[in-house]
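In what follows, a single structure is set out as structure tokens and then discussed.
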Amino acid sequence: MTIGEQPAYLRVADDLRKQIVNGALPPHTRLPSQARIREEYGVSDTVALEARKVLMAEGLVEGRSGSGTYVRERPVPRRVARSAYRSSGSTPFRQEQAETGARGTWESRSEQAEAGPEIAERLAIKPGDRVMRTKYVFRDAGEPMMLSTSWEPLAVTGRTPVMLPEEGPLGGCGVVERMAAIDVIVDNVAEEVGARPGLAEELLALGGVPGHVVLVIERTYFASGRPVETADVVVPADRYRVAYHLPVK
């Protein structure tokens, strides 16, 4: 193999990928068998197997027990709108749903926990400090579309009416409104977006398959420079795109 030349398994995967994209291998079609790939491309069984693994990792095909490997239906990505945070009496999810005219629902569960090293660093507290951890599953038309786990330091919200994000007089309101109710004024929010393979638990909840990539939005609210809430928002990358709409000031 000369410098710059692709390995054989990538060349085979590239050709099969093109056939999937242009419709020559439409959804639900059985992918050529390992033996057929070997014969058509003049490669070894190992190369044929690795090429199939590449397509599976990319989410283009899926294995069916006892039947073979089939081309997956390719979803049309939908948008998860992210806009400037505003005092609106609603959560960011409600704001996002309003942007697209969708009607979403969610489930949540809150529990006290100890902050691990990473979350402690993000909240500027000590590892082991108590936090309120809330896990969410968001749905659009019944389909799981997004997961979120948030952490709030109990040094800020403990023994206040807003200690439980989804309960009490301000349950379901956004972080800005809840914090304002206890005289904590949120004046800044930071988001970092990254991508990684989804964890087994995440993909199970989102209806994905092993190897699928997820987008992770790491969000933190600040009040006078002090972090008062941080969260990880997880979105399946094959079904959604995160769209930002930020005003110019």
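The values are calculated or read from the model by the stated rules, or taken from the named source; none is laboratory data. Given the structure is predicted, the values throughout are model-derived calculations rather than measurements. We place every Cβ from the backbone using ideal geometry, glycine too, and count neighbours over all the protein chains shown. Note: accessible area is taken over every heavy atom of the protein model, side chains too, but ligands, DNA and RNA are not part of it. Shrake-Rupley method; radii C 1.70, N 1.55, O 1.52, S 1.80 Å.
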Legend entry - Long-range neighbours under 9 Å by Cβ, at least six apart or interchain, first residue charged (D, E, K, R) within the stretch 22-37, second surrounded by 11 or more Cβ atoms within 10 Å (Cβ to Cβ): Arg30/Gly68; Arg30/Thr69; Arg30/Tyr70; Arg30/Val71; Arg36/Ala48
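Val228: crowded, with 17+ Cβ neighbours inside 10 Å and under 22 Å from Asp129 (Cβ atoms), yes or no? Please lay out each step first, then the result.
On the way: crowded, with 17+ Cβ neighbours inside 10 Å: yes; under 22 Å from Asp129 (Cβ atoms): yes.
So Val228 fits the description; yes.
I need the full set of residues from the stretch 186-202 which are assigned to a strand (DSSP E or B) and farther than 18 Å from Pro153 by Cβ, in order please. Step through it out loud before you land on a result.
From the stretch 186-202, those assigned to a strand (DSSP E or B) are 188-197; that's our starting set.
Correct list: Glu191, Glu192, Val193, Gly194, Ala195, Arg196, Pro197.
Can you go through Val186, Val131, Val162, Val193 and tell me which one is hydrophobic (A, V, I, L, M, F, W, C) and closer than 30 Å to Pro77 by Cα? Can you show your working first?
Values: Val186 fails: closer than 30 Å to Pro77 by Cα; Val131 fails: closer than 30 Å to Pro77 by Cα; Val162 fails: closer than 30 Å to Pro77 by Cα.
Within the list Val186, Val131, Val162, Val193, the selection yields Val193.
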Inset, instruction - Identify, from the list Val248, Val214, Val156, the residue that is open to solvent by less than 30 Å² (accessible area, probe 1.4 Å) and either modelled with pLDDT of 95 or more or outside any strand (DSSP E or B) (or both). - result: Val156
Legend entry - Qualifying residues in the stretch 56-69 (those that are surrounded by 14 or more Cβ atoms within 10 Å (Cβ to Cβ) and out of contact with any Ser or Thr (no Cβ under 8 Å at 6 or more places or on another chain)) - the one modelled with the highest pLDDT: Thr69
Inset, instruction - State whether one or more residues within the stretch 79-92 are charged (D, E, K, R), modelled with pLDDT of 70 or more, in contact with a helix residue (DSSP H, G or I) (Cβ under 8 Å, 6 or more places away or on another chain) and open to solvent by 60 Å² or more (accessible area, probe 1.4 Å). - result: yes
Inset, instruction - Of the numbered conditions (1) within 15 Å of the chain's Cα centre (by Cα); (2) surrounded by fewer than 19 Cβ atoms within 10 Å (Cβ to Cβ), Val234 fails exactly one; give the number of that condition. - result: (2)
Legend entry - Tabulated pairs, the stretch 122-133, first in contact (Cβ under 8 Å) with a residue 40 or more places away in the chain and at positive phi, second small (Gly, Ala, Ser) and surrounded by fewer than 14 Cβ atoms within 10 Å (Cβ to Cβ), C-beta under 6 angstrom, 6+ apart or interchain: none
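Quick grid of which residues meet (1) of a type in the set (D, E, K, R); (2) exposed (fewer than 15 other Cβ atoms within 10 Å of the Cβ); (3) assigned to a helix (DSSP H, G or I); (4) touching a residue at least 24 places away in the same chain (Cβ under 8 Å):
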residue	(1), (2), (3), (4)
Thr160	no, no, no, no
Met163	no, no, no, yes
Pro169	no, yes, no, no
Val184	no, no, no, yes
Leu204	no, yes, yes, no
